[in-house]
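What follows is a set of notes on a single structure, which appears directly below.
The values are calculated or read from the model by the stated rules, or taken from the named source; none is laboratory data. Keep in mind it's a predicted model, so treat the numbers as computed, not measured. All Cβ positions, glycine included, derive from the backbone under ideal geometry; neighbour counts span all protein chains shown. Just so you know, the surface numbers come from the protein's heavy atoms only, side chains and all, with ligands and any DNA or RNA stripped out. Shrake-Rupley method; radii C 1.70, N 1.55, O 1.52, S 1.80 Å.
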Amino acid sequence: MDKAHITFMQRALVLAKQAKGRTSPNPLVGTVIVKDGTVIGEGYHQKAGTAHAEVHALNAAGENAKGATLYTNLEPCCHWGRTPPCTAAVIQAGIANVYIAEVDPNPSVAGKGVRQLEEANIRVHVGICTHEAAELNEVHKKYIQTGLPFVVLKTAMSLDGKIATTAGESQWITSEASRLRGHEIRDEVDAILVGKGTVERDNPSLTTRLQDREGQDATRIVLDSHGRTPTDARIFNVESSTGVIVAVTPDAPMANIKALEKAGAEVLTTPAAHGKVCFMNLMETLGKREITSVLIEGGGEINASAIAAGIVDKVMCFVAPKLIGGRNAPGPIGGEGVPTLKDVPHLQRIRITPMPDDDFLIEGYL
């Protein structure tokens, strides 16, 4: 493959990333239009319901788009949704060649866009920077194929696997740079989920705070089987652009539910699983609300329950070079534990990234 094609596709990916956390439930898409080796138009999908990347790039290129080559990280849509089909715009503009990183996993598209372009005598090439494109839209791929949100479990621990001291002190184990990265992750997801214990212990606001730009708050979700979350908690009293959902079981007393609603929460009753909120049912409900990604920032018990329920797609673990010790100091995964090593969940596609101030981030997929 010509290096120039890779370069232009990588530019499309860079453009797409600019809208991280802003396009849900749509995918991240960037487009570059090239003629005689020169970029004449580019754009990216900025928000659901607005023009797609291809349209922005075609508008920038204008009449020069005729006979040009278009690069996009995802197959152009060929159906009416909130906006017109992009294939029609590409054909009408007179584009001669289209390079696509990967076919759209959406069943409404899934190769149909490629066929429409080819039937219009446009030369289509699929498969440049495929791995990078697939990772970029991993959230969209799971959601569009299953109706369930992509779930990231994020935790922070010491080198010896502790998330707090024996006295319960946990702020702060990791560095300021690692915590800032955590806020960047919050900025990219639709929802943040914690348990009642985290609210009681840490009293977090669960808002997004960035240094160089205004962050976007995610919907905040608290798992609380019996609806006992303190109504004076910061999560109910901090200024935020999003609401709070408290997920309870049918065992939650009506008085507790009314108190939470008075505090400003939406109370969502889900079936119980072993006396706790059923994770799978909750994910199905969130998916129906077009919440495509969930970040779990809970303690060891919530983390263990989420893994046991099989809802976790990705793990992000910040590790600080500290030795806390203590046989009773909590770790990131609680619960009953797995009795045999052959049954232990194993992370795939591991990535280890050094962080400033000596921390490092371990990422992997379940």
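Every residue in segment 77-98 that is crowded, with 20+ Cβ neighbours inside 10 Å, at pLDDT below 95 and not in a helix (DSSP H, G or I), please.
Those that are crowded, with 20+ Cβ neighbours inside 10 Å, at pLDDT below 95 and not in a helix (DSSP H, G or I): 77, 78, 85.
Sort out which residues of segment 205-253 are surrounded by fewer than 17 Cβ atoms within 10 Å (Cβ to Cβ), basic (Lys, Arg) and either touching a strand residue (DSSP E or B) at 6+ places or on another chain (Cβ under 6 Å) or not in a loop (DSSP other than H, G, I, E, B) (or both), and write them in order of number.
234
Looking only at segment 158-204, filter to residues that are under 20 Å from the mean Cα position of the chain (by Cα) and open to solvent by 50 Å² or more (accessible area, probe 1.4 Å); which one of those is nearest to residue 354 (Cα to Cα)?
Looking at residues that are under 20 Å from the mean Cα position of the chain (by Cα) and open to solvent by 50 Å² or more (accessible area, probe 1.4 Å), I get 181.
When both residues are 6+ apart or on different chains and their Cβ atoms are under 8 Å apart, which pairs have a first residue that lies in segment 171-185 and is in contact (Cβ under 8 Å) with a residue 40 or more places away in the chain, and a second that is among the aromatic types (Phe, Trp, Tyr)?
Listed pairs, sorted by first residue: 174/318; 178/318; 181/318; 182/318.
Kindly evaluate residue 132 against the criterion of being under 26 Å from the mean Cα position of the chain (by Cα), closer than 16 Å to residue 72 by Cβ and in contact (Cβ under 8 Å) with a residue 40 or more places away in the chain. Before the answer, list the steps.
On the way: under 26 Å from the mean Cα position of the chain (by Cα): yes; closer than 16 Å to residue 72 by Cβ: yes; in contact (Cβ under 8 Å) with a residue 40 or more places away in the chain: yes.
Spelling it out, residue 132 is indeed under 26 Å from the mean Cα position of the chain (by Cα), closer than 16 Å to residue 72 by Cβ and in contact (Cβ under 8 Å) with a residue 40 or more places away in the chain.
What is the one condition in (1) at pLDDT 95 or above; (2) buried (at least 20 other Cβ atoms within 10 Å of the Cβ); (3) in a loop (DSSP other than H, G, I, E, B) that residue 151 does not satisfy?
With (1) at pLDDT 95 or above; (2) buried (at least 20 other Cβ atoms within 10 Å of the Cβ); (3) in a loop (DSSP other than H, G, I, E, B) applied to residue 151, the lone miss is (3).
Looking at segment 13-46, which of its residues are charged (D, E, K, R) and farther than 20 Å from residue 133 by Cβ?
Keep residues of segment 13-46 that are charged (D, E, K, R), which gives 17, 20, 22, 35-36, 42.
Matches in segment 13-46: 35, 36.
Which of (1) in a strand (DSSP E or B); (2) crowded, with 20+ Cβ neighbours inside 10 Å; (3) touching a Leu at 6+ places or on another chain (Cβ under 9 Å) is the odd one out, the single condition residue 124 does not satisfy?
So residue 124 meets the others, but not (2).
In segment 182-204, how many are in a loop (DSSP other than H, G, I, E, B) and farther than 23 Å from residue 148 by Cβ? So that I can check it myself, show each step before the final result.
Initially, segment 182-204 is screened for residues in a loop (DSSP other than H, G, I, E, B), giving 187-190, 203-204.
Now restrict to residues that are farther than 23 Å from residue 148 by Cβ: 203-204.
Final tally of qualifying residues: 2.
Restricting the search to segment 180-229, which residues are among the hydrophobic types (A, V, I, L, M, F, W, C) and farther than 21 Å from residue 266 by Cα?
180, 185, 210, listed by residue number.
Could you please let me know if residue 113 is at positive phi and either free of Cβ contacts under 8 Å to residues at least 60 places away in the same chain or open to solvent by 10 Å² or more (accessible area, probe 1.4 Å) (or both)? Before you say what the answer is, go through the steps one by one.
Numbers: at positive phi: no; either free of Cβ contacts under 8 Å to residues at least 60 places away in the same chain or open to solvent by 10 Å² or more (accessible area, probe 1.4 Å) (or both): yes.
Answer is no for this residue.
Count, please, the residues in segment 132-148 that happen to be open to solvent by 30 Å² or more (accessible area, probe 1.4 Å) and among the aliphatic types (A, V, I, L, M).
4
In segment 154-181, what residues are out of contact with any Leu (no Cβ under 9 Å at 6 or more places or on another chain), closer than 19 Å to residue 302 by Cα and either at pLDDT 95 or above or not in a loop (DSSP other than H, G, I, E, B) (or both)?
155, 156, 157
Considering only residues that are of a type in the set (Asp, Glu) and over 25 Å from the mean Cα position of the chain (by Cα), which ones fall in segment 50-96?
Taking segment 50-96 first, the residues of a type in the set (Asp, Glu) are 54, 63, 75.
Across segment 50-96, the qualifying residue is only 63.
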